[in-house]
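All of the numbers you see were taken from the coordinates with simple rules; none came from a lab. Everything numeric in this text was worked out from a predicted model, so none of it was measured. As a convention, Cβ positions derive from the backbone with ideal geometry for all residues, glycine included, and neighbour counts pool all protein chains shown.
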Amino acid sequence: MSRTPSFQVLVIGGGINGAGVARDLAMRGVRVALVEKGELGGGTTWASSGMIHGGLRYLQNDPEVTYHSCLDSGAIQRIAPHLIFRIPFLMPVFREDPIGPELVEVGLEMYDRYQPLKNGRPHTRLTREQALRLEPALSPRIDCAFTLDEWGVDAARLVMLNALDAAERGAEVHTHHEVCELIREGGTGRVRGARVRDRLSGEIRDLEAELTLNCTGPWASQLAALAGVELRLRPAKGIHLVFERRVSDAAIYARGIDGRDMFMFPHEQNSMAGTTDDDFYGDLDRMEVTEDEIRYVLQAMERSIPGIRRHRILHSIAAVRPTLYDFGSYEDDLSRDYAVIDHGPRDGVPGFWSLAGGKLAAYRLMAEDACDRLCTALGIEEPCRTATSPLPGGDEAPDIGALTRRFRLDWPAALRVGFRHGSRSGAVLAERPEPRTLCACEPVTDAELAHVARYEGVRRLTDCTLRVRLGLGACQGAGCAGAAGEVLAEALGWDAKRTAAEVAEFAAERWRAVAPALSGAQLAAMEVHRAVHRGARPWSAPEPGTVSRP
Ligand SMILES: Cc1cc2nc3c(=O)[nH]c(=O)nc-3n(C[C@H](O)[C@H](O)[C@H](O)COP(=O)(O)OP(=O)(O)OC[C@H]3O[C@@H](n4cnc5c(N)ncnc54)[C@H](O)[C@@H]3O)c2cc1C
């Protein structure tokens, strides 16, 4: 006789899809566990462009994807109003472009029909002079330009808010836990959960569940192989270059040498340029940004923004899209659709499911679809409520002025907390009687760090890159990693050796993101900066990669 598993659903993979599913199931009263082998959102999701857009370019081949993304963008804006920001786009048209302004405008008129779904404004057509007045960074060679409206989100925080809400409704969430084996029932071969390894402590444990959902994004084929199932994806790598502060007020379209559309867009404190889209055959856990990719992106940006090379690149990000398999299409033309797969009828592996493909912008709808089907399989009839129930902090707008007065914070720091924590900002800042910012360039406060360490399951200092954007400003952690390590040490009870190792690992991780993106004088300057930082600080002593076991 088999035992009743502790969980009804085990979700593997804490990207936006896994976290979205965990929240949806927890809201329906399902006993759910979520396991993530690294930090929540640390796979593809955090390295995305962070846009909850419809995807103008999918309109031609994949209008359903555009429709669903716009629809879900509207829902995400409702449930997390504090975490989104408008991104006005400028699309310059050059004389030599293969598609002239009239045809561009036809496409934008079609996109306008979807804009109300995501609270977007219709496009406008600007003369060359109007566009240059609005955005002096633009090339004077443009013929004219169009505006269009999109929205951005802090993708890593959106994952966290979904996981946090799931946890507050009873879900178990385990970060740094890797599934190394699936538990199979003798005889039927049914999947009954997974064996997971805590990557920090080395501890192994079994999480038994009636249904197991593979939400591992680009790793989905590898995870499916553990069940002896073939799940084919067409993984495509995309990189971004991150520039210090705002390169432009608006986001700007750029065109690659191969005709691909790319963008330079403001994102939180910085600006991002990208992205590429190339078939990827390498190691998903060791992704590197190559010099070719950087030159390709810069070349594209330079055509629209001639002064781009004068701006400082801070670091680069790379990730792989978990695109559904297709043979014979160019990467850019691949569908961004998704699939919910029950491997019982398809592959003879009952109890095992996968959710693959899709877009950040439609994560909630994808999760709803997957959860409807999982609940049917479990005999549960609760409806989905994720489109209307606010995510943590999304129920009420924070009073930023009151926060500045109560906690003696300056506006940028208070605004930043309000953006990330919404109506919970007061409780976050109350972690310290007088919160102080740890960094001048990305004003993370000690109160927010202490809060996420105590209440949001932070286990490593490196988790804080995604959790609070630690070290993502101009100093890349040099100015704040040590102080942040001390805050975490106090909250999590680390000794001096562990704290030093955490800080060293944090610095090493930042360097891995910084070094490939730089060359020449910028690289030399950063090497000096790093050497000074390492030499001058007592916590730089231990070698990275040697975090002591707790
Ligand atoms: C460059 C780029 C830009 C993009 N821009 C946008 C955009 O602007 N808007 C948009 O809508 N979409 C965008 N996308 C697409 C979007 O980012 C993805 O569709 C989405 O993030 C995928 O989420 P996911 O949860 O499926 O995967 P992931 O975020 O990769 O999550 C999967 C998780 O599974 C974990 N995992 C893997 N194996 C195991 C295991 N054995 N045990 C435990 N955990 C495991 C991984 O660590 C990972 O965190 C972009 C994608 C890329 C690459």
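Dipole magnitude for the chain: about 1240 debye, using +1 per Lys or Arg Cβ and -1 per Asp or Glu Cβ, origin at the Cα centre.
Here's how it looks for Arg321: its modeled amide H is under 5 Å from those of Ala236, Lys237, Gly238, which are all 5 or more places away or on a different chain. Extension gain for Glu302 to Gln130 (0.36 nm times residue separation, less C-alpha to C-alpha distance): 59.9 nm.
Among Cys480, Gly120, Tyr455, flag the residue with its Cα farthest along the positive direction of the charge dipole of the chain, charges on Cβ as +1 for Lys/Arg and -1 for Asp/Glu. Sorting the options by dipole projection puts first Cys480. When the charge dipole of the chain is built from unit charges on Cβ atoms (+1 for Lys and Arg, -1 for Asp and Glu) and taken about the Cα centre, the candidate among Gly393, Cys439, Gly55 whose Cα reaches farthest toward its positive end is Cys439. Identify the trypsin sites (Lys or Arg not before Pro) of region 348-412 meeting these criteria: DSSP loop state and at most 16 other C-beta atoms within 10 Å of the C-beta. Within region 348-412, the qualifying trypsin sites (Lys or Arg not before Pro) (loop, at most 16 other Cβ atoms within 10 Å) are Arg385, Arg408.
Please compute the net charge surrounding Arg310, taking Lys and Arg as +1 and Asp and Glu as -1 over other residues with Cβ under 15 Å from its Cβ. With Lys, Arg at +1 and Asp, Glu at -1, the neighbours total +2. Note on the chain: lysine pairs with Cα distance below 24 Å, sequence gap of 8 or more or different chains, count 4. Region 165-204 and region 279-295 have Cα centres spaced 30 Å apart. Can you give me the C-alpha center-to-center distance between region 251-276 and region 44-80, rounded to a whole angstrom? Between the Cα centre of region 251-276 and that of region 44-80, the gap is 17 Å. Dipole magnitude for region 428-478: about 140 debye, using +1 per Lys or Arg Cβ and -1 per Asp or Glu Cβ, origin at the Cα centre. For region 306-431, a crude dipole built from +1 on the beta carbon of Lys and Arg and -1 on the beta carbon of Asp and Glu, taken about the Cα centre, is about 1040 debye to the nearest 20. Computed from the Cβ-Cβ distance with R0 of 41 Å, the FRET efficiency linking Arg199 to Ala430 stands at 0.80. In this calculation the C-beta distance from Met110 to Ala397 is compared with R0 = 30 Å, giving a FRET efficiency of 0.35.
The residue list Thr499, Thr4, Gly20 was ranked by how far each Cα lies along the charge dipole of the chain toward its positive end, using unit charges on Cβ atoms, and Thr499 comes out on top. Loop-located GluC sites (Glu not before Pro) in region 324-418 (DSSP state other than H, G, I, E, B) with a sparse environment of at most 10 neighbouring Cβ atoms within 10 Å: Glu381. Find, among the trypsin sites (Lys or Arg not before Pro) in region 1-102, those assigned to loop by DSSP (not H, G, I, E, B) with at most 14 other beta-carbon atoms within 10 angstrom. Taking region 1-102 and a limit of 14 other Cβ atoms within 10 Å, the loop trypsin sites (Lys or Arg not before Pro) found are Arg3, Arg95.
Going from the fewest other Cβ atoms within 10 Å to the most, the residues Glu434, Glu302, Glu135 appear in the order Glu434, Glu302, Glu135.
Other residues with beta-carbon under 12 Å from the beta-carbon of Gly74 carry, at +1 per Lys or Arg and -1 per Asp or Glu, a net charge of +2. Only helices enter the 222 nm calculation for the chain: every DSSP H run of n ≥ 4 contributes -39,500 (n - 2.57), and dividing by all residues gives -10500 deg cm²/dmol, rounded to 500.
Taking label points 7 Å from Cα along the Cα-to-Cβ direction, Asn119 and Ala525 give a separation of 3.8 nm. Of the residues Ser389, Ser73, the one with the fewest other Cβ atoms within 10 Å heads the list, and the complete ranking is Ser389, Ser73. Once you reduce region 297-344 and region 363-381 to the center of their Cα atoms, the two points are 29 Å from each other. No disulfide-compatible partner, judged by a Cβ distance under 4.7 Å, exists for the following cysteines of the chain: Cys70, Cys144, Cys180, Cys215, Cys371, Cys375, Cys384, Cys441, Cys464, Cys475.
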